[in-house]
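Asker: Once you've had a glance at the structure underneath, I'll fire off some questions.
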């Protein structure tokens, strides 16, 4: 069965976890917004806990990783335990794994939640995802317009026990246009105040300046090829102790989109906002022949963040961002 994230999110929060039926079966959610998947996990967690379901996580490094998922399901069933297994990654199971999962799905007490990046129509029609559609839930976690983003943010505002006036909502939506993370950060900051109803003035006092604080503005500067602005934002993010992993996530996401455009994908099918499509297309064209090096840089930066490498991660981020801006830091030096 197919379902939109917002409607499922409402259902999960409409009942006290203690009175909610155990979550079982196979769920797949795809979204370009990592927050969406995390919010779904956060909504499921109280229900898992009240039903004593052990939470386990499995990262898919390849299609063969599905054998780990299957072994986990078999082991749990053998000992009579129930579990919630969170699977992350884009690798789809092969035919043998699909056949095994199909058999398991017929009568499983476990909850398998697989989250992945946004899928196009062709990917959603593959046998592996049809399995989730037929025996569980195929959840669309993508936000296709500002109306959907506004509806979701209002749900989160209710959960944070804050109320915004119409003027304040308009200001928040305009100031954080298309940026779900920045908008939610502002709502969370507002929830720490003692003000019952947030008007435009209170919001203005609490707003995070997206031009200085947001990794999304860094993304805009990099994709736009604005090297000077990119360096200014990177410097500010470093000075305000922004996690390098968050910066890398934003840039790596853009790099994947650019590589897909260069491979012939239609930008309209990749979840790119219409007013930014031309920027991604221009970047894909101007970086032709150089972009294949970016993924190796992303890999090296990930190792630095995880402590495997002792190199300066911020210097590496600067090199990568300027490379996407079509500036070679070594040549500039």
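Since every read-out is calculated from the coordinates, none of them should be taken as a lab result. Computed from a predicted structure; not experimentally measured. So basically every Cβ, Gly included, is an ideal-geometry build from the backbone, and we count neighbours across all protein chains shown.
Asker: Take 312, 302 and order them by how many other Cβ atoms sit within 10 Å, fewest up front.
Answerer: 312, 302
Asker: Ok, one more. Provide the descending list of Cα extents for the chain along its principal axes, expressed in whole angstroms.
Answerer: Answer, in whole Å and largest first: 61, 52, 38 Å.
Asker: For a footprinting-style exposure proxy, rank 322, 181 by other Cβ within 10 Å, fewest first.
Answerer: So the residues, fewest neighbours to most, are 181, 322.
Asker: Got the relative contact order for the chain handy, in percent, Cα pairs under 8 Å and 6 or more residues apart?
Answerer: It rounds to 16 percent for the chain.
Asker: For the stretch 26-78, just say rounded, prolate or oblate: build the C-alpha gyration tensor, square-root its eigenvalues into a ≥ b ≥ c, call rounded for a/c under 1.5, and beyond that prolate if a/b exceeds b/c, oblate if not.
Answerer: Judged from the Cα gyration tensor, the stretch 26-78 comes out oblate (a/c at least 1.5, b/c at or above a/b).
Asker: Tell me, what is the FRET efficiency for residue 281 and residue 62 to the nearest 0.05, using R0 = 45 angstrom and their Cβ-Cβ distance as r?
Answerer: Computed FRET efficiency for residue 281 and residue 62 comes out at 0.90.
Asker: So, one more: May I ask you to compute the full-extension gain from residue 121 to residue 95, defined as 0.36 nm times their residue separation minus their alpha-carbon distance, rounded to one decimal in nm?
Answerer: 7.4 nm
Asker: Which shape class, rounded, prolate or oblate, goes with the stretch 88-161 when its Cα gyration tensor gives a ≥ b ≥ c as root eigenvalues, a/c under 1.5 marks rounded, and past that a/b bigger than b/c marks prolate?
Answerer: prolate
Asker: Another question about this same structure. Please give the FRET efficiency for residue 206 paired with residue 38, using the beta carbon to beta carbon distance and R0 = 22 Å, rounded to the nearest 0.05.
Answerer: After rounding to 0.05, the efficiency reads 0.45.
Asker: While we're looking at this one, here's another question. How far, in nm, would the chain grow between residue 144 and residue 226 when pulled straight, counting 0.36 nm per residue and subtracting the alpha carbon separation?
Answerer: Value of the extension gain: 26.8 nm.
Asker: Let me test this: with uniform point scatterers at the alpha carbons of the stretch 213-301, what is the Debye-based log₁₀ I(q)/I(0) at q = 0.23 1/Å?
Answerer: Per q value, in the given order, log10 I(q)/I(0) is -1.24.
Asker: Kindly state, to the nearest 0.05, the FRET efficiency for residue 178 paired with residue 240, given R0 = 22 Å and r defined as their beta-carbon distance.
Answerer: Efficiency, from the Cβ-Cβ distance: 0.50.
Asker: Then there is this: What distance in nm separates the two pseudo spin-label positions at residue 256 and residue 160, each 7 Å out from Cα along the beta-carbon direction?
Answerer: Result: 2.6 nm between the two label points.
Asker: Something else about it: Divide by every residue of the chain the summed helix terms, -39500 (n - 2.57) for each DSSP H run of at least 4, and state the resulting mean residue ellipticity at 222 nm, rounded to the nearest 500 deg cm²/dmol.
Answerer: Here the helix-only value at 222 nm equals -17000 deg cm²/dmol.
Asker: Would you calculate the separation in nanometres between label points at residue 303 and residue 194, each defined as 7 Å from the Cα along the Cα-to-beta-carbon direction?
Answerer: About 5.3 nm separates the two model spin labels.
Asker: For the stretch 216-249 and the stretch 97-158, what is the separation of their Cα centres, given in Å?
Answerer: So the two Cα centres are separated by 32 Å.
Asker: If I build a Gaussian network model for the chain, linking alpha-carbon pairs within less than 10 angstrom, which residue out of 305, 36, 85 has the largest mean-square fluctuation?
Answerer: Highest fluctuation of the listed residues: 305.
Asker: Using 0.36 nm per residue, how much length does the chain from residue 263 to residue 290 gain when fully extended, once their Cα-Cα distance is taken away?
Answerer: 8.4 nm
Asker: Can you sort 128, 163 so the residue with the fewest Cβ neighbours within 10 Å comes first?
Answerer: Ranked by crowding around the Cβ, least crowded first: 163, 128.
Asker: May I pose another question? Sort the stretch 2-140 into rounded, prolate or oblate with this rule: let a ≥ b ≥ c be the square roots of the eigenvalues of the Cα gyration tensor; rounded if a/c is under 1.5, and if a/c is not under 1.5, prolate when a/b is larger than b/c, oblate otherwise.
Answerer: Judged from the Cα gyration tensor, the stretch 2-140 comes out oblate (a/c at least 1.5, b/c at or above a/b).
Asker: Where the centre of each part is set by its Cα atoms, how far does the stretch 168-188 sit from the stretch 1-44, in angstrom?
Answerer: 23
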